[in-house]
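Remarks on the structure that follows.
The values are calculated or read from the model by the stated rules, or taken from the named source; none is laboratory data. These figures come from a predicted structure and were not determined experimentally. We place every Cβ from the backbone using ideal geometry, glycine too, and count neighbours over all the protein chains shown.
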Amino acid sequence: VQGVGARVALAILSAFEPIDLSRAIAAQDKTMVARANGVGPKLAERIVRELKDKVGALGVVTGGASMPVPSGAGADAVSAMLNLGFRPAEAANAVALAEEELGTGATLDALVRLALRKAAK
């Protein structure tokens, strides 16, 4: 992918689990890819556009277990988890599990506490 050097590639690979990255590319989730350090919205769009056919050829399952993009208190909880040193994929997954258990009306405090417990497992 043009514009992706060794430093950006390593940042992407360290920010996401391989399955999460392939699902994000297959689902054309530019915002997920843009969460890696050094990847802006334009580069994320180029990465998704150029790799979507290659990910599709790998036979990655895109349905069911895809990770939703949190909003509101969920986004704040992901930000808190990132500030605590969790990788973006781990933080988003833990918050998604916490939101699923608590419901969408959960407070930020409750989400972060449960997400920390989920991430520790």
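Taking region 85-121 only, how many residues are in contact (Cβ under 8 Å) with a residue 24 or more places away in the chain, farther than 18 Å from GLY72 by Cα and either outside any helix (DSSP H, G or I) or not aliphatic (A, V, I, L, M) (or both)?
Qualifying residue count for the region: 4.
Could you count how many residues in region 29-52 are exposed (fewer than 14 other Cβ atoms within 10 Å of the Cβ), touching a helix residue (DSSP H, G or I) at 6+ places or on another chain (Cβ under 9 Å) and not in a helix (DSSP H, G or I)?
Looking only at that region, the number is 1.
Is it the case, given these coordinates, that LEU114 is closer than 18 Å to MET32 by Cβ and either at pLDDT 90 or above or surrounded by fewer than 18 Cβ atoms within 10 Å (Cβ to Cβ) (or both)? Before you say what the answer is, go through the steps one by one.
Numbers: closer than 18 Å to MET32 by Cβ: no; either at pLDDT 90 or above or surrounded by fewer than 18 Cβ atoms within 10 Å (Cβ to Cβ) (or both): yes.
No.
Would you check which residues across region 82-107 are over 21 Å from MET32 (Cβ atoms) and surrounded by fewer than 16 Cβ atoms within 10 Å (Cβ to Cβ) and list them?
Listed by number, the residues that qualify are GLU101, GLY103, GLY105, THR107.
Got a number for residues in region 73-107 being out of contact with any helix residue (DSSP H, G or I) (no Cβ under 9 Å at 6 or more places or on another chain) and over 20 Å from ILE12 (Cα atoms)? Quick ask: steps written out before the conclusion?
Residues of region 73-107 that are out of contact with any helix residue (DSSP H, G or I) (no Cβ under 9 Å at 6 or more places or on another chain), as a first pass: 83, 85, 100, 103.
Then drop every residue that is not over 20 Å from ILE12 (Cα atoms), which leaves 100, 103.
Result for region 73-107: 2.
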